[in-house]
1. Output the residues belonging to region 1-47 that are assigned to a loop (DSSP other than H, G, I, E, B), within 16 Å of the chain's Cα centre (by Cα) and either surrounded by fewer than 18 Cβ atoms within 10 Å (Cβ to Cβ) or at pLDDT below 55 (or both).
2. Which residue is surrounded by the fewest Cβ atoms within 10 Å (Cβ to Cβ), if the candidates are limited to region 60-79 and must be within 21 Å of P124 (Cα to Cα) and within 12 Å of the chain's Cα centre (by Cα)?
3. Taking the criterion of being touching a Lys or Arg at 6+ places or on another chain (Cβ under 6 Å) and either in a helix (DSSP H, G or I) or basic (K, R) (or both), would at least one residue in region 152-163 satisfy it?
4. Does L105 satisfy the condition of being farther than 21 Å from E201 by Cα, buried (at least 17 other Cβ atoms within 10 Å of the Cβ), free of Cβ contacts under 8 Å to residues at least 24 places away in the same chain and in contact with a helix residue (DSSP H, G or I) (Cβ under 6 Å, 6 or more places away or on another chain)?
5. Free of Cβ contacts under 8 Å to residues at least 12 places away in the same chain and loosely packed, with under 14 Cβ neighbours inside 10 Å: does that describe T134?
6. From the list S219, S193, pick out the single residue that is assigned to a loop (DSSP other than H, G, I, E, B) and modelled with pLDDT under 95.
7. Looking at L115, L105, which is the one that is in contact with a Leu (Cβ under 8 Å, 6 or more places away or on another chain), assigned by TED's automatic domain parsing to the domain that holds F34 and assigned to a loop (DSSP other than H, G, I, E, B)?
8. Could you tell me how many of the residues in region 178-213 are buried (at least 18 other Cβ atoms within 10 Å of the Cβ) and under 15 Å from the mean Cα position of the chain (by Cα)?
Amino acid sequence: MRTRGVAGAVACAVAGLVAGCGPTPAEEYGEALFRDSRLSTSQYNAFSCATCHATSSEQARDKLYTGLSLVGVASRPHWWGGYEVTLLDAVNFCYTAFMRGTAPLEAEDAKSRALYEYMVGLSPQPDSPAQPFTLVRDITDVPRGDARRGAEVYRAACQDCHGEVRTGKGRLTALAPVLPDVAHEYHPLFPNSTPGLVFIEKVRHGRFFGVGGNMPPYSREALSDEDLGALLAWLGL
């Protein structure tokens, strides 16, 4: 699957992703794909790979990403907490579940090969340890924390997609609900749950377990219960 060159004609076929029509190195093309939501052709997709994944330790300090850091990703033994055992399958899980891709990327697709080369460039060591990924299956309430910390958590974890609190200004897509105002819709839909529990389930389950939407879930490694409790306090839920 490794290749160090992608023909310029292939790069130019994806409009606007890479400027110019000369031969483009695969790693460079892969980075452009990684950062562009048009990797998925769905008109409803607003996510790029970069929306959910850091590619440096500096980025990981500034934001609370739903996805794990991709430093060393190509040399891990498995992904998604062991649920995926090939890198392409791990990529396609994100691509189809969250980016609304209509069909998985094929191994010999130029996009797959370029993304692979980019991820190899993020993986200088021949072997990297598997990263833990703990999905919270059974939802329970969490103690509310410091609202001041909650404001920091919102900025680091939520604002890029949902925009500013109560206005949604700057949100990634109109499909992302305005927080915490969307909680007013919870009672008719979930009459036996509190708004806080519904919010926790959305954060912890994302689109899974019948919740819907296409938000990725926050694992315990990505967002602690303490930070989740602080976020709930900040949002008044």
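The values are calculated or read from the model by the stated rules, or taken from the named source; none is laboratory data. Keep in mind that what you see is a predicted model, and the values were worked out from it rather than measured. Cβ sites come from the backbone with ideal geometry, for glycine too, and all protein chains shown count toward neighbours.
1. Selection gives R35, D36, Y44.
2. Out of the qualifying residues, it is S69.
3. Checking region 152-163: at least one residue is touching a Lys or Arg at 6+ places or on another chain (Cβ under 6 Å) and either in a helix (DSSP H, G or I) or basic (K, R) (or both).
4. When the stated conditions are applied, L105 passes them.
5. no
6. S193
7. After applying the criteria, what remains is L105.
8. Summing the residues that are buried (at least 18 other Cβ atoms within 10 Å of the Cβ) and under 15 Å from the mean Cα position of the chain (by Cα) in region 178-213 gives 5.
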